[in-house]
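J.: Questions regarding the structure given below will be posed in turn.
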Protein chains: 2
Amino acid sequence: MTRPLLSLAALLALAAPALAQDEEEAALSPGEIVAQAPAAEWIGIAPEDLLVMTLAPAPDGSERKVVIQLMPAPFSQGWVENIRTLARAHWYDGITVNRVQDNYVVQWGDPNYDNPEAEGQAKALPEGLKVMSEAGYTAPVTKIRIRERPPEGHVGTRGDAYGDWTDFHAGWPIASNGPRDWPVHCYGMVGVGRNMSPDTGTGAELYTVIGQAPRHLDRNIALAGRIVEGMEYLSSLPRGHGDLGFYTAEEADKRTAIVSVRVASDLPEGERPAFEYLSTDGETFARYADARANRRDPFFITPAGGADICNIPVPVRRVAD
Amino acid sequence: MTRPLLSLAALLALAAPALAQDEEEAALSPGEIVAQAPAAEWIGIAPEDLLVMTLAPAPDGSERKVVIQLMPAPFSQGWVENIRTLARAHWYDGITVNRVQDNYVVQWGDPNYDNPEAEGQAKALPEGLKVMSEAGYTAPVTKIRIRERPPEGHVGTRGDAYGDWTDFHAGWPIASNGPRDWPVHCYGMVGVGRNMSPDTGTGAELYTVIGQAPRHLDRNIALAGRIVEGMEYLSSLPRGHGDLGFYTAEEADKRTAIVSVRVASDLPEGERPAFEYLSTDGETFARYADARANRRDPFFITPAGGADICNIPVPVRRVAD
């Protein structure tokens, strides 16, 4: 095995000149750095890549909408297409959240599919779903990486426990072992539930991460997107007490109903949400990542000197109507 | 900087012979390995090191008790003593959960202390609280580590983004830079809120981690324990919408009341909970850590080849009455 090396280091190196030029920059928090990003560094997300998932209202009657961004090429495109197909067939309408496992995942789907507490017949899937192979869990390398080792003591000389490299590609966290790249299971990422291999899942059963990044799932399950708004409606749901955090039959009333899931581009223009993400190739993101790895804002006394890829969440924001 | 090297590697090396001797072992999940641990590898937790925190009943009337294990020497002992002092003065009784920031922390304390939404006078602290210095965020090294590099391709050759080493000491996850060790902010760890440096916090304001390990807080805040039961009552609380996830004045009714916090050894014998943890120096823990890093149970197709220290939670269990 060659020595672990983060190309994140190369990214962070971009930040150094700006910091040297302006000492005041040293005191900005990561959020303050992002707030100063020029408009040109924000990239609009195509409405075709956004899903609006409406949950049943909260017990107090308030609305609960979750917005999911689907993953871009070259990752998981077969599953992403299936998810659009399922949404357009209104297949997700009326399914439920069936599993909430603390420090792990919230999972939603047909309560009568692959659920130890199934009580009836599984819902028929729409036609036209693709079947993907396990090879699709990874993709060919997305970037040419600088394989030289960063200078001694530089952020990025420290490693990642799961890949030889970590990096960001088109706004997404990825890991790599050289010949192949893969998206990583950070908090809020959305994955595709499956049965035992060689099943790879259709996209009908989805989950999101609600705890420490379960990176052992990387390369074992397809990731298809991430929650960009409304995460709290899923992460704060009551935990299930059956195996793997499924709600038991006695807890069936805790299942949260999913009223509808729509591709944003299919919504009337007035109801279509718009989001943008901070370019992960720009100068602001480099400064932001550096600040996440070395907090210099007033609360902190000892900068960490590094950051886990999942501790550098890519900034995503709603575009005002 | 010398090459990052996990002494976890040495730990994991212990597991290899057992795996080679018994091919069937390869199919056990981490949980199954722990379930087979001999009784001698489970270590009882002193009642003096357990706190029982009773929250107000859930909206459905059900009981909500959280059990916290306090941290052992040489870490954070001044804060741990303060927490016992505060519990014994019944100071925590009647305080509230004031902050729930998604993918970060749940924080409880006096709603009129250090809260942007304070409405009255802060509650007076009991006498006898110690004042600690920032040097207490770390401790002298707890173990002599094997500094040789593990064999090529062996688990543990990959790094940690935050420390030169990660390891377990007396049942707790730690990181190290050589001369100093420190406990790490994994999911469910309990820390001591503080104001701006040089304030180091008393223990009156506490928080627990409910998302991706915020390791940038390591060495910047005292950690004092971890939740060993009832974590879900905190992690599933509604998120706050003020700055830093504090509940706003309009959300004041979401603050969960803390009815009481007691040191387990002060409770009548019949109400005293008993817990034990799996020795992190034993053979079972080595096999468990190896299985967390290389899942071979049937669901998995590609073992990760490594694991983040926070993805190897130390098994803790309640001892039956």
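The values are calculated or read from the model by the stated rules, or taken from the named source; none is laboratory data. Because the structure is a prediction, the values reported are computed rather than measured. Using ideal geometry, Cβ is built from the backbone for each residue, glycine included, and neighbour counts are taken over all protein chains shown.
The rows are residues; the columns are (1) in contact (Cβ under 8 Å) with a residue 12 or more places away in the chain; (2) assigned to a strand (DSSP E or B).
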site	(1), (2)
B:Asn220	yes, no
B:Gly225	yes, yes
B:Val228	yes, yes
B:Tyr233	yes, no
B:Leu237	yes, no
B:Asp253	no, no
B:Arg262	yes, yes
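J.: If I go through the stretch B:293-317 residue by residue, how many of them are within 20 Å of B:Cys186 (Cα to Cα) and either facing chain A (nearest Cβ under 7 Å) or in contact with an Asp or Glu (Cβ under 8 Å, 6 or more places away or on another chain) (or both)?
T.: Residues flagged as within 20 Å of B:Cys186 (Cα to Cα) and either facing chain A (nearest Cβ under 7 Å) or in contact with an Asp or Glu (Cβ under 8 Å, 6 or more places away or on another chain) (or both) within the stretch B:293-317 amount to 9.
J.: What residue, among those in the stretch B:254-274 that are β-branched (Val, Ile, Thr) and away from chain A (no Cβ under 14 Å), is surrounded by the fewest Cβ atoms within 10 Å (Cβ to Cβ)?
T.: The extreme case among them is B:Val259.
J.: Taking into account only those residues within the stretch B:186-209 that are within 22 Å of B:Thr256 (Cα to Cα) and polar (S, T, N, Q), which is nearest to the other protein chains (Cβ to nearest Cβ)?
T.: Top of the filtered list is B:Thr208.
J.: Testing A:Ala222 on (1) within 13 Å of chain B (Cβ to nearest Cβ); (2) touching a strand residue (DSSP E or B) at 6+ places or on another chain (Cβ under 7 Å); (3) among the hydrophobic types (A, V, I, L, M, F, W, C); (4) closer than 25 Å to B:Tyr162 by Cβ, one condition comes back false. Which one is that?
T.: (4)
J.: As an exercise: evaluate B:His169 against (1) under 17 Å from B:Tyr277 (Cα atoms); (2) buried (at least 23 other Cβ atoms within 10 Å of the Cβ) and give the number of the one condition it does not meet.
T.: Single failed check for B:His169: (2).
J.: If I ask for residues that are touching a strand residue (DSSP E or B) at 6+ places or on another chain (Cβ under 9 Å) and of a type in the set (S, T, N, Q), which ones from the stretch B:112-121 would you list?
T.: B:Asn115
J.: Please enumerate the residues belonging to the stretch B:74-111 that are among the charged types (D, E, K, R) and in contact with a strand residue (DSSP E or B) (Cβ under 7 Å, 6 or more places away or on another chain).
T.: Within the stretch B:74-111, B:Arg84, B:Arg88, B:Asp93, B:Arg99 meet the criteria.
J.: Right, here's the next one. If you take the residues in the stretch A:132-162 that are at the interface with chain B (Cβ under 8 Å from one of its Cβ atoms) and at pLDDT below 85, which one is farthest from the chain's Cα centre (by Cα)?
T.: That would be A:Glu152.
J.: Of all residues in the stretch A:275-290, how many are in contact with an Asp or Glu (Cβ under 8 Å, 6 or more places away or on another chain) and either within 14 Å of chain B (Cβ to nearest Cβ) or assigned to a loop (DSSP other than H, G, I, E, B) (or both)?
T.: So the answer is 2.
J.: For the stretch A:293-321, name all the residues that are assigned to a loop (DSSP other than H, G, I, E, B) and over 21 Å from A:Glu283 (Cβ atoms).
T.: Listed by number, the residues that qualify are A:Pro298, A:Phe299, A:Phe300, A:Ile301, A:Thr302, A:Ala304, A:Gly305, A:Asp308, A:Val319, A:Ala320, A:Asp321.
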